Amino acid sequence: MKWSIYRGAGILFLARDHSGKLAMLLGRRRSGVWSIPGGARNRMDASAVDTAWRETHEEFGPLPANAGLP
């Protein structure tokens, strides 16, 4: 499969943990590779942002309400 710059999207979530250290949300793919949540855009997605949120929900389930974009 050949991807263009418009056919996928992902989100990089950064937050501080309880000790103040920077933490990042990563998922482990079936291949064993760690990655940020994301994936292919489909016809239902109005934008790359919609793609990234949908893929994140599919991979991790619902996120806290305060895990939004600015």
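What follows is calculated from the coordinates using simple rules that are stated; it is not laboratory data. The structure displayed is predicted, hence computed values, not measured ones.
The 3J(HN,Hα) values that the Karplus relation (6.51, -1.76, 1.60; θ = phi - 60°) gives for the stretch 42-51 are, in residue order, 10, 5, 6, 7, 6, 7, 5, 5, 4, 4 Hz. Gly and Pro appear as x. At full extension, residue 21 and residue 33 could sit 2.0 nm farther apart than now, given 0.36 nm per residue minus the alpha carbon distance. Phi angles across the stretch 33-38 convert, under the Karplus curve 6.51 cos²θ - 1.76 cosθ + 1.60 with θ = phi - 60°, into 3J(HN,Hα) values of 7, 7, 7, 6, x, x Hz, Gly and Pro given as x.
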